[in-house]
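The values are calculated or read from the model by the stated rules, or taken from the named source; none is laboratory data. Source: prediction; values computed, not measured. Please note: Cβ atoms are built from the backbone with ideal geometry, for glycine as well, and neighbour counts cover all protein chains shown.
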Amino acid sequence: MRTFKHMMVALAMLFSASYAHACDNSYFELVSATDIGGGQYEFVVTFCAGGGPTGAEQGTYTWGVQLVGPATFASYPATLTSPQTGAVYIADYTFMYGPEYLIYDVLSYPGTGWGADWWTTTYGGWGPDGAYCTTFTIVTNGMPTQMILMGAEGAGVGVAPYGCNGNPEMEINFGLVADAGSTATICAGSSATLSASATGGTAPYTYSWSTGATTQNITVSPASNANYTVTVTDAMGNVDADVVNVIVHTLPTVSAGPDKLITKGYGATCVTLNGSATGVSAPYSYSWSNGSTSATPSVCPGTTTTYTLTVTDYNGCVVTDNTVVTVKDVRCGPSLNKVYVCRYGVTKCITQGQVVAHLNAGWVLGACWMRLDDETAMSENPIDIFPNPASQMADIVFVMPVDGIATIELYSLNGQRYDIPNATVQGMAGQEMVHELNVQDIPSGIYQVMVFTEDGQIMTDKLAVVR
């Protein structure tokens, strides 16, 4: 983006003091142009009106200044007086032409004689020798790409269809200025759209970015702070360049905390979530998917629930993380007032008062088939077989996960199935089942014991048969 210093230098290079003759031997001079900040620019202009033997018969009647491009007049003298005749010219920039036109029309004639009371007399001499000048200051909102100064003897200003031959008296083209846009600020992992523009010079413009893009607008996703340069070329081959900065904010490190477990039927029914954020962009605001705005809210889900934490930092960057609260229903018994515990693949339904002693003995809460998120329970097999190895009889012990029927099957390691007498058993959820398996007629080897339940669970273990 152009800096104030940059614009001051640019303006100083855009023009030199120059003038042009109006059709009645009047002329204009642009004395100076200054960037005064706040998007405003100050121009000092001198207007000189002269008569002469081949010039205007009566003198200048109307004259003005036109702005071209994204600029309008902010301030200007309300009236200007002829230093020769005392004729008063009043400014009108809204009624006839619009806010980009500053027109001065003669308002009063203090002397006698129609022509003699305009800006000059017919005896003013030739050109500047007989000219009478005034210098005035105008301020614009925005920088014009071109300034047109004009004067006319009678019918209007020098913009078609008005003025002297319908032509302006002076055109000042301010040089080509490229603008890469304002500094962009993004969060790491996000994108910024950069929009270039150009003023001055001669349209159309072509754009070339340091990324290789040739469009006016580009999208960039830098990983760290970066600068991008746009080079603008106008239709006449003039070139200017500008640089825009993209500032990339580092994201905070966000954690929704470790997953939590609630055992429904024993212990606390609520847990505290442990959200946190660290980094260089504090303070942080917290928002959970349940509506809480605390970093560490208490939650009491009835079923397994995923909670999403959204953290917004000081720079407006947003990071999310998830945590899961698993709810395991460990209740059992006809009134659901007892508790399942599991050890070595064996599930028991015990009273509340027996739980502590069992936990101290190595049991874990929940039935073995629940696969609780506990290393002890996950490491145990839900089937017990003993003796193992066996040569005559083996007891297959398991706990019914649900009310219904379970089917026991036996396979060799090459997939051959062996029939088992009385392979179907029926029981209630939580009931420990013991099935006697006669292996006397089964060849020595390693076999896979599989228990299929009505709800689709499969419990397996290996059995070694020896002779």
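General remarks:
- Some residue of region 257-271 being closer than 30 Å to Thr183 by Cα, loosely packed, with under 15 Cβ neighbours inside 10 Å and out of contact with any Phe, Trp or Tyr (no Cβ under 6 Å at 6 or more places or on another chain): no
- Being closer than 20 Å to Thr185 by Cβ and either of a type outside the set (A, V, I, L, M) or assigned by TED's automatic domain parsing to the domain that holds Gly430 (or both) holds for only one residue in Tyr266, Tyr314, Tyr286, Tyr307, and it is Tyr314.
- Scan of region 199-240 for residues that are within 29 Å of Gly189 (Cβ to Cβ) and not polar (S, T, N, Q), ordered by number: Tyr207, Trp209, Gly212, Ala213, Ile218, Val220, Pro222, Ala223, Ala226, Tyr228, Val230
Conditions (1) among the hydrophobic types (A, V, I, L, M, F, W, C); (2) surrounded by 15 or more Cβ atoms within 10 Å (Cβ to Cβ); (3) more than 16 Å from the chain's Cα centre (by Cα), marked per residue:
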| residue | (1), (2), (3) |
| --- | --- |
| Trp209 | yes, yes, yes |
| Thr231 | no, yes, yes |
| Asp234 | no, yes, yes |
| Ala241 | yes, no, yes |
| Val248 | yes, yes, no |
| Leu251 | yes, yes, no |
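- Candidate set: region 174-207, residues that are without any contact (Cβ under 8 Å) to a residue 40 or more places away in the chain and over 20 Å from Val246 (Cβ atoms); chosen: the one surrounded by the fewest Cβ atoms within 10 Å (Cβ to Cβ): Pro204
- Residues that are surrounded by 15 or more Cβ atoms within 10 Å (Cβ to Cβ), within 13 Å of Ile383 (Cβ to Cβ) and of a type in the set (A, V, I, L, M) within region 426-467 comprise Met433, Leu437, Val449, Met450, Val451, Met459, Leu463, listed in sequence order.
- Per the conditions (1) under 28 Å from the mean Cα position of the chain (by Cα); (2) of a type outside the set (Asp, Glu); (3) loosely packed, with under 13 Cβ neighbours inside 10 Å, the sole criterion not satisfied by Thr303 is (1).
- Of residues in region 253-275 being assigned to a strand (DSSP E or B) and aliphatic (A, V, I, L, M), the one nearest to the chain's Cα centre (by Cα): Val254
- Residues being modelled with pLDDT under 75 and assigned to a loop (DSSP other than H, G, I, E, B) - total across region 99-139: 15
- Inter-residue pairs, beta-carbon under 7 Å, first within 20 Å of Thr347 (Cβ to Cβ) and in region 431-442, second among the small types (Gly, Ala, Ser), 6+ apart: Met433/Ala406; Met433/Gly427
- Hits in region 394-449 (condition: among the aliphatic types (A, V, I, L, M), in contact with a Cys (Cβ under 9 Å, 6 or more places away or on another chain) and assigned to a strand (DSSP E or B)): Val399
- Subset of region 295-330 (residues that are more than 19 Å from Ile262 (Cβ to Cβ) and not charged (D, E, K, R)): Ala295, Thr310, Val311, Thr312, Tyr314, Asn315, Gly316, Cys317, Val318, Val319, Thr320
- Single match in Ser294, Ser281 (criterion: surrounded by 16 or more Cβ atoms within 10 Å (Cβ to Cβ) and either at pLDDT below 95 or more than 25 Å from Ile383 (Cα to Cα) (or both)): Ser281
- The set of residues in region 182-219 being outside any loop (DSSP other than H, G, I, E, B) and aromatic (Phe, Trp, Tyr) consists of Tyr207, Trp209.
- Verdict on Asp240 being in contact with a helix residue (DSSP H, G or I) (Cβ under 9 Å, 6 or more places away or on another chain) and modelled with pLDDT under 95: yes
- Residue within region 28-44 that is modelled with pLDDT of 80 or more, of a type in the set (Val, Ile, Thr) and crowded, with 23+ Cβ neighbours inside 10 Å present: no
- Region 211-227, subset under 29 Å from Asp313 (Cα atoms) and of a type in the set (A, V, I, L, M, F, W, C), residue surrounded by the most Cβ atoms within 10 Å (Cβ to Cβ): Ile218
- Leading residue by the ranking (nearest to Thr272 (Cα to Cα)) among those in region 288-306 that are of a type in the set (A, V, I, L, M, F, W, C) and in a strand (DSSP E or B): Val299
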